[in-house]
1. Please work out the FRET efficiency for the pair residue 36 and residue 80, using the Cβ-Cβ distance as r and a Förster radius of 22 Å; give the result to the nearest 0.05.
2. Can you compute 3J(HN,Hα) from phi for each residue in the stretch 24-41, using the Karplus curve 6.51 cos²θ - 1.76 cosθ + 1.60 with θ = phi - 60°, rounded to whole Hz and x for Gly and Pro?
3. Please compute the Cα-Cα pair-distance distribution of the stretch 15-83 with 10 Å bins starting at 0, giving whole percents from short to long.
Amino acid sequence: MRELESRDVQIPIPARFVRTEQSAEFKISFTGEPGRQYDIQFTDALPLNWQSAQKITGDAQGNIEFTDDTVKTQTARYFRVVSQ
């Protein structure tokens with residue numbers, strides 16, 4: 001039996017990104033698969049060096065919400081979500 005090639009597939013999902021000056025937080029919320037774990041990753045600079053910020057499991061409706069309150073100390077920060 002021949003082994004199949006494995007590769008990452010990026011599928012865009014609707015997400016909501018909110019940053020307010022009052023709270024100095026950055027929130028990401030989206031709907032994924034219920035019970036599936038997602039790894040919220042970030043990098044502060046280019047070239048990309050992704051680090052895990054938090055692993056979150058979708059609730060019964062698949063809702064995910066992540067808040068980064070350390071973004072106030074960064075001049076730039078990039079995020080991505082990787083399903084586990």
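No lab work stands behind these numbers, since they all come straight from the coordinates. Quantities reported herein were computed from a predicted structural model and do not represent experimental measurements. Counting neighbours? That spans all protein chains shown, and the Cβs are built from the backbone with ideal geometry, glycine included.
1. Numbers: r = 16 Å, r/R0 = 0.72.
After rounding to 0.05, the efficiency reads 0.90.
2. Those phi angles translate into 6, 10, 10, 10, 10, 9, 7, 10, x, 8, x, x, 7, 8, 10, 9, 7, 10 Hz.
3. 20, 51, 26, 3
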